[in-house]
Amino acid sequence: MEMFAEAVVREYALRKGDGTGAPDTLYIGGGTPSVLPLSVFSRIVSAVTGDDGSVGRDEFTVEVNPDDIVRRGPGYAEALRELGADRISMGIQSYDDGILKWMNRRHSAGDAEEAFRILRKAGFRNISVDLIFGLSQMDERMWNDTLDRVLSSDFGPPEHISAYQLSVEPDSALDRLVSGGRYREAPEDLCSRQYSILCSRLAEAGYHHYEVSNFALPGHEAVHNSAYWNGSPYLGLGPGAHSYSTDGRRHIRSWNIPSVGKYVSAFPEDSSRLPDGIRGSEILTEEQMNMERIMLALRTDTGIAEEELRRTGDAAGTDRMIAAGNLVRTEGGRIRIPEEKFFISDSIIRELV
């Protein structure tokens, strides 16, 4: 882990001026960073935030697993605060122990509640939790029970909720279960009902549905994630991390190799330049940029300027979607997908790009 931290620190030193600008948010995630010892965490944070502490000044998020927080205890959570973290993203997924076991999660529903308590007592006042819906074995009662427990915590509800439909990724363990007839995907109408329940329950609780999968109490919308959706440059460090940069003329997407071992071993102590073979990149075409701009903007409640959508997308498709009620005009000459159509946003967007 010390070698991993050193490799990340060296990568940052070699890449911090590569066209992404001065970072004002910091997000440590991409898996299970809460397994890192505090000494390793501190090494990375100190190097990235620098002496002036400007990196992460607007928002500093750390992803955690509930079981790591419970196992490491209050001292670990308090240390994360002392390192400068002001926002936590925690993967609860469900408050049903049967579903958690089926998903091979290490934590229980009780662990999730205890972790939330520990984080609150450590001083975190901006906590996001991840939930999963769209499981064939989860009925509406189970889904409502999870939402009840999320919203009725003795320590107040989370400031932010991200909810994702279970998806079957190629070559994943779930894909093998489906192929072997040991799991049947949830029907579309069940997924749609669960998403509708989610939207209505969180609206009643005062959450702002600002992106297809993201809900926030007013003022707690994710600053870092919003940068992805509005096309801002970002710098990704570590195995499998992606980045987006621009020099004003070219738009470049790059990515690191996913292998932790190869990534770590690629950085010798005397690294004066980025090692060969650890990164791939592509220069985005104008067509790719336009497509991504439409796709990302229409996932949000602010949408996209109608003039831009007609200029860069399918104008005839835009007219069809407006006539069908799948797109609506808002103030300031913008167009968005109405919330009641967010569930089918992918199919709407496909008509426009």
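The values are calculated or read from the model by the stated rules, or taken from the named source; none is laboratory data. Bear in mind the structure is a predicted one, so any value in this text is a computation, not a measurement. Quick reminder, even Gly has a Cβ in these numbers, built from the backbone with ideal geometry, and neighbours come from all protein chains shown. Only protein heavy atoms, including side chains, enter the accessible area calculation; ligands, DNA and RNA are left aside. Shrake-Rupley method; radii C 1.70, N 1.55, O 1.52, S 1.80 Å.
For the reader, a short list of remarks on this structure follows.
- Projecting the Cα positions of ALA5, TRP255, THR312 onto the charge dipole of the chain (unit charges on Cβ atoms of Lys, Arg, Asp and Glu, taken about the Cα centre) puts ALA5 furthest along the positive direction.
- When the chain is treated as a Gaussian network with alpha carbon springs shorter than 10 Å, the biggest mean-square fluctuation among PHE342, PHE60, PHE267 belongs to PHE267.
- Summing +1 for each Lys or Arg and -1 for each Asp or Glu among the other residues whose beta-carbon sits under 15 angstrom from that of GLY325 gives 0.
- Beta bridges per DSSP with both ends in the chain, % antiparallel, nearest 5: 55 percent
- Accessible surface computed residue by residue for region 1-50, with neighbouring protein chains in place and a 1.4 Å probe, gives 44 Å² per residue.
- For the chain, built as a Gaussian network whose Cα springs stay under 10 Å, the top-fluctuating residue of PHE343, PHE41, PHE155: PHE155
- The fraction of accessible area contributed by carbon and sulfur in the chain is 49 percent, rounded to a whole number (1.4 Å probe; ligands and nucleic acids excluded).
- Electrostatic dipole magnitude of the chain [Cβ: Lys, Arg +1; Asp, Glu -1; Cα centre; debye, to 20]: 300 debye
- Point-charge dipole on Cβ atoms (K/R +1, D/E -1) for region 15-172, about Cα centre, debye to 20: 420 debye
- Projecting the Cα atoms of ASN65, PHE267, GLY325 onto the charge dipole of the chain (Cβ charges, centred on the Cα centre) puts PHE267 farthest toward the positive pole.
- For a straight C-alpha distance cut-off of 17 angstrom, the aspartates and glutamates reachable from LYS16 (same-chain residues fewer than eight places away being disregarded) are GLU6, ASP24, ASP51, ASP52, ASP247.
- In the set (i) 32, 29, 20; (ii) 35, 24, 16; (iii) 32, 27, 17, the label that goes with semi-axes √(5λ) of the Cα gyration tensor in Å computed for this structure is (i).
- Computed over neighbours whose Cβ is under 10 Å from that of ASP154, the net charge equals +1, Lys and Arg +1, Asp and Glu -1.
- Dividing the helix sum by the residues of the chain, where each DSSP H run of 4 or more adds -39500 (n - 2.57), gives a mean residue ellipticity at 222 nm of -12000 deg cm²/dmol.
- Farthest toward positive dipole pole in region 111-223 [+1 Lys/Arg, -1 Asp/Glu at C-beta], among CYS199, ASN144, GLY123: GLY123
- Spin-label pair VAL328/LEU14, simplified geometry with 7 Å Cα→Cβ offset, distance in nm: 5.1 nm
- Rolling a 1.4 angstrom probe over the protein heavy atoms with all chains in place gives region 295-353 an accessible area of 50 Å² per residue.
- Listed peptides 315-325, 298-308 appear in the order 298-308, 315-325 once ranked by packing, highest mean of other Cβ atoms within 10 Å at the front.
- Computed from point charges on the beta carbon alone (+1 for Lys and Arg, -1 for Asp and Glu), the dipole magnitude for region 267-353 about its Cα centre is near 300 Debye.
- Highest-fluctuation residue, PRO187, PRO37, PRO170 considered, GNM on the chain with Cα pairs under 10 Å: PRO170
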